[in-house]
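Asks: Submitted below is the structure of interest, expressed as structure tokens.
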């Protein structure tokens, strides 16, 4: 966009300089025509002078012939001839003086034309310097955009790191919950182990009593083999129950050992997660420092860009003053505006058509510079009421944009492209921008 602005400024300056060169060239041609005319008149006067001299010689000869006849008439005639000769010489002298004046004017115009050409060359050099300055500004803006992109990328990476930290914390919390559940299960297993130990103790006491009774009965039933065999079978059954209980106790001990091992693994994983969290926090702090450095660099670039813009504005003002000196006319500095109407602001803005149907503007391209009609800056107050009531008023100038006007009837049918038209908005408005389109009249005259 700045390249377009510089090209338009260069084209305008070249057009003004070409108009001035054509004007001075036309003046030079007019002066040459005047000089040629003066030369022709001088030739005619010289011819008339020659003719007068011939007549004088003729009348002198005739005077010699007629001197004897009428001396008085001859004197009068000679006086008349002398008067005519004096008049002719005076007229010739006047013509020569006018010719000298015209030559002086031509020389002065030539000097002015040389001065204009020198100023034109200076203006071209100034335009080249402005183009170079605009190119430098564009390069600095590109660098600022790159810094913004890098900053946004760094912020995105930092956000990803924060998300990773959050997920790691969530995993730590889940592992803590799992560890708590494992501890609870270990406590339950220990309670079961103590219950089994109490049951085993309770079973051992009757078993010992039964063994004592059996020993007593063994002395009494040494003669009864069948009874002894039954008691041995019962004793074997009780022993098998005791072995089964001991196996259950061993199983519970193994489960307790596995729970303690899983608890140690959980502690190690927790330490590893804490170390990773510390590393992530350190990387986040480093990236925050990088972001701050880039923000400071971006601030410096923006300061330099503002300085360059102020220099460019001063150079443009100097060019404007030179243009005023070349044109011989002054323009109102209040009508000049830097960075006016350079950004499309009607994109996505909703409005209404002439039949109050809702519309929305898309694919807008701004017309750079204030809207002027016949050299006059258009203001919202100069438009008809139907357009003015849809705009931000009051304002100092107007902007125009070429937009695709889309019909927006909600759920009836989707938006359809039906035209590409001029869309108008008030200049200098940054928030709640209002735009309008349609046939527009400026001070009662239809605008093209």
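Asks: List the number of the failed condition for residue 112; all other conditions in (1) farther than 18 Å from residue 18 by Cβ; (2) more than 30 Å from the chain's Cα centre (by Cα) hold.
Replies: (1)
Asks: Identify, by number, the condition in (1) surrounded by 11 or more Cβ atoms within 10 Å (Cβ to Cβ); (2) at pLDDT 75 or above that residue 240 doesn't meet.
Replies: The failed condition is (1).
Asks: Let me ask something additional. Just give me the residues in segment 273-297 being surrounded by 11 or more Cβ atoms within 10 Å (Cβ to Cβ) and farther than 19 Å from residue 157 by Cα, in sequence order.
Replies: 273, 274, 297
Asks: Could you tell me whether any residue of segment 11-33 is outside any helix (DSSP H, G or I) and free of Cβ contacts under 8 Å to residues at least 24 places away in the same chain? Let's see the steps before the verdict.
Replies: In the first step, residues of segment 11-33 are kept if they are outside any helix (DSSP H, G or I); the result is none.
Taking every residue of segment 11-33 in turn, none turns out to be outside any helix (DSSP H, G or I) and free of Cβ contacts under 8 Å to residues at least 24 places away in the same chain.
Asks: Moving on to the next point. Quick one: which of 51, 83, 74 is assigned to a helix (DSSP H, G or I), assigned by TED's automatic domain parsing to the domain that holds residue 36 and surrounded by fewer than 11 Cβ atoms within 10 Å (Cβ to Cβ)? So that I can check it myself, show each step before the final result.
Replies: Details: 51 fails: surrounded by fewer than 11 Cβ atoms within 10 Å (Cβ to Cβ); 74 fails: surrounded by fewer than 11 Cβ atoms within 10 Å (Cβ to Cβ).
83 is the lone residue from the list that is assigned to a helix (DSSP H, G or I), assigned by TED's automatic domain parsing to the domain that holds residue 36 and surrounded by fewer than 11 Cβ atoms within 10 Å (Cβ to Cβ).
Asks: Same structure, new question: In the set 419, 448, which member is modelled with pLDDT under 85 and assigned to a strand (DSSP E or B)? I'd like the intermediate steps shown before the answer.
Replies: Numbers: 448 fails: assigned to a strand (DSSP E or B).
Unique residue meeting the criteria: 419.
Asks: May I ask you to verify whether residue 360 is under 29 Å from residue 7 (Cβ atoms), modelled with pLDDT of 80 or more and within 26 Å of the chain's Cα centre (by Cα)?
Replies: Working: under 29 Å from residue 7 (Cβ atoms): no; modelled with pLDDT of 80 or more: yes; within 26 Å of the chain's Cα centre (by Cα): yes.
Taking the combined requirement at face value, the residue does not satisfy it.
Asks: Tell me which residues, restricted to segment 170-204, are under 26 Å from residue 285 (Cβ atoms) and surrounded by 13 or more Cβ atoms within 10 Å (Cβ to Cβ). Give the steps one after another, and end with the answer.
Replies: Our first condition is that a residue be under 26 Å from residue 285 (Cβ atoms); within segment 170-204, this holds for 170-173, 175-176.
Once the filter is applied, which keeps residues that are under 26 Å from residue 285 (Cβ atoms) and surrounded by 13 or more Cβ atoms within 10 Å (Cβ to Cβ), segment 170-204 yields 172, 175.
Asks: Please work out which residue is farthest from residue 345 (Cα to Cα), limiting yourself to segment 359-375 and to residues that are touching a helix residue (DSSP H, G or I) at 6+ places or on another chain (Cβ under 9 Å) and in a strand (DSSP E or B). Step through it out loud before you land on a result.
Replies: First, pick out the residues of segment 359-375 that are touching a helix residue (DSSP H, G or I) at 6+ places or on another chain (Cβ under 9 Å): 368-370, 372-373.
Restricting the remaining residues to those that are in a strand (DSSP E or B) gives 372-373.
Working: 372: 19, 373: 22 Å.
Going through the qualifying residues, I end up with 373.
The values are calculated or read from the model by the stated rules, or taken from the named source; none is laboratory data. Quick caveat: nothing in here was measured; it's all calculated off a predicted structure. Heads up, the Cβs are rebuilt from the backbone with ideal geometry, glycines too, and the neighbour counts pull from every protein chain shown.
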